[in-house]
Amino acid sequence: VLIHDQECATELRRKRKRGLVAEPAQRVLINERVCEGCGDCGAKSNCLSVQPVDTEFGRKTRIHQASCNKDFSCLDGDCPSFLTVRPAKSGRPRRAGGVPAADAGLPEPEIRVRTDEFNMRITGVGGTGVVTVAQVISTAASMAGLQVRALDQMGLAQKGGAVVSDIRLSPEPFTGASKLTPGSCDLYLGCDLLVAADATQLAAASPERTIAVTCTSRVPTGAMVRDTAVAFPDVPGTVSRIHGLTRAGLSVAVDARAQTTALLGDDQFTNVFLVGAAVQAGALPVPARFLEEALELNGVAVEANIAAFRAGRRYVADGADEAHGAAVTGDEDVDAVIQRRVAELTAYQNRAYAQDYARHVQAISEAERNSLGSPGRLTEAYARNLFKLMAYKDEYEVARLSLDPALGQAVAAQFGDGARYSYRLHPPVLRSLGLNKKVTLGPWFRPAFRALYASRGVRGTAWDVFGRTEVRRTERALPGEYRDAVSAALPKLSPQTPPVLVALAELPDLVRGYEHVKLASVARFRAALAEAARDLS
């Protein structure tokens, strides 16, 4: 029995998109430099809009604004990386240059699927418009004079759960179940890569019959949002599995989220982009003009939807290669990695602190050069992770990163010039006095941040009023523990052992979060460090 005592947050978001309910005055944004990527906000909110993202400084968390329900439950917890933003009155600047001309110079596609009995399956996740796209296609097919049978399988997938829509088309009346049978699919439209790769859904595909049009964007699952140990599967390998069960030579794989964001400043038009790609690939035998008419009849963001549809057609017409999405791979030049962190640590504390870091990294670099011929993965892993432990985010560092000009630029890029933002903090001092929720500190608090950052020289000394807590004492001890463990393992370095030592050097990635979350992660790190040391002894 399900008892619903309030309106579903996802339904409320849908009403806002349709203009039926007013938008809240503020949004939530995460300062990614302050963020530790610990997943605590995902655990607190149980929200799939709080998404992990790879950056130069490791895994962080970003709010996917297009799917955000704006219930602000992600603000719970102790993390100081959250901001509340009041968008500029002019709204977010649009990146599109306007809707292309009607014909857009696009050639008519050659139909490469059956038209006497056409079947398609759309796979995606709840809250992204899968059912809406299915209705648009069904409407367009009816306008084109085709017979339509459709089945939407949603279950309780209000947001983030699997949604599957099957559509069957024929020029003549026909009978039979609306759900596709194994091997009967002509167009396999994968709006979410992980759902599309599911064996149950792929059972409808056939290597002789099915053309797959797949979005390769990395949309995390709930487990990935909450648990830093759960990573997104290998994208090329996942796409290859789909193509292995379809007509690979005619299939299309594209990071449609990136494409629509670049065109329209928003990825909510991703599924419509994929429909356009399917049309131009000859995998959807419904004339484009009827699909555009159906988008107009839908009456929501008509110009932007038509622009996305035509952009999908253009992507295929231009013969674009498969796009699996860019990610931080760690292949940056080792010297560049080190120099970036030396500069950061100089700003974090002072030049001496940064030089101490560089000296320890240089020792590892020389050991790797002597054993393997040149510094490589071990030096890079050590450089990244020693920096992580030395640049722990205490009050002085949070103040510095909260004043970073890049933060203001990120706010303006998402919410328009003139957007104002406030910091949402839960200072340990106030927490110890019994305050159990965050306080809101506006632009007026920036002078206090400047004063706090200016006093960073007392960090770790007897004058450091913030440095006496268990968390701060633990943070100060970690770099030494890590350096000692890696130094003790260096004699084992040989052409056969780099993977083992690199795994040891990467263990600080376990250390994440603030306050009790960080202490719990430190316990896991210390246990893993001790186990690795025993294995190498």
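The values are calculated or read from the model by the stated rules, or taken from the named source; none is laboratory data. Note that the coordinates shown come from a computational prediction; the quantities given were computed from them, not determined experimentally. So basically every Cβ, Gly included, is an ideal-geometry build from the backbone, and we count neighbours across all protein chains shown. Calculation scope for accessible area: heavy atoms of the full protein, side chains included, ligands and nucleic acids excluded. Shrake-Rupley method; radii C 1.70, N 1.55, O 1.52, S 1.80 Å.
A few remarks follow.
- Extension gain for Asp198 to Lys70 (0.36 nm times residue separation, less C-alpha to C-alpha distance): 43.0 nm.
- Rounded to the nearest whole Hz, the Karplus-based 3J(HN,Hα) values (6.51 cos²θ - 1.76 cosθ + 1.60, θ = phi - 60°) of segment 486-499 follow the sequence 5, 4, 5, 8, 4, x, 7, 5, 8, x, 9, 10, x, x, with x at glycine and proline.
- Computed over segment 163-297: relative contact order in percent, which uses C-alpha pairs under 8 Å that are six or more apart: 23
- Under-5 Å amide H pairs with Ala253, H placed in peptide plane, nonlocal only: Thr214, Ala323
- Separation in nanometres of the label points that stand 7 Å from Cα toward Cβ, at Glu208 and Lys179: 2.5
- Amide hydrogen proximity for Ala419: with H placed 1.01 Å from N in the peptide plane, the residues at 5 or more positions away or on another chain lying under 5 Å are Ala88.
- Heavy atoms of the protein chains alone define the surface here; on that basis segment 1-53 has 54 Å² accessible area per residue at 1.4 Å probe size.
- With a threshold of 25 Å on the Cα-Cα distance, the over-threshold entries among Lys393/Lys437; Lys15/Lys437; Lys44/Lys518; Lys438/Lys518; Lys44/Lys393; Lys70/Lys518 are Lys15/Lys437; Lys70/Lys518.
- Nitroxide proxy distance, nm - points 7 Å out along Cα→Cβ at Ala248 and Lys44: 4.6
- Residues in segment 402-426 reached by a label modelled at Ala343 [backbone nitrogen below 18 Å; 7 Å Cα→Cβ]: 402-410
- From the coordinates shown, Kirkwood radius over Cα pairs in Å corresponds to which of (i) 27.0; (ii) 25.8; (iii) 24.6: (ii)
- FRET efficiency for Thr132 and Ala462, using Cβ-Cβ distance with R0 set to 60 Å, rounded to 0.05: 0.45
- Euclidean distance between Cα centres, segment 40-64 to segment 343-392, Å: 27
- Largest to smallest principal axis extent of the C-alpha atoms in segment 133-269, angstrom: 51, 32, 31
- Distance between the modelled labels on Leu490 and Ala223, one decimal in nanometres: 3.9 nm (7 Å Cα→Cβ projection).
- Sequence of Asp234, Asp186 from largest to smallest accessible area, 1.4 Å probe: Asp234, Asp186
- Linear extension gain, Lys437 paired with Ile3, 0.36 nm per residue minus alpha-carbon span: 153.4 nm
- With every protein chain in place, the chain: carbon and sulfur % of accessible area (1.4 Å): 53
- In order along segment 167-179, the phi-based Karplus estimate (6.51 cos²θ - 1.76 cosθ + 1.60, θ = phi - 60°) of 3J(HN,Hα) comes to 10, 10, 10, 7, x, 10, x, 8, 10, x, 5, 6, 6 Hz; Gly and Pro are listed as x.
- Normalised by the number of residues in the chain, the average gap of Cα pairs under 8 Å and 6 or more apart makes the relative contact order 16 percent.
- The HN-Hα couplings worked out from phi for segment 362-376 by the Karplus form 6.51 cos²θ - 1.76 cosθ + 1.60 (θ = phi - 60°) are 4, 5, 5, 4, 5, 5, 5, 5, 5, 8, 10, x, 6, x, x Hz, whole numbers, x standing for Gly and Pro.
- Nonlocal amide H pairs with Thr55, under 5 Å, H built at 1.01 Å: Lys60
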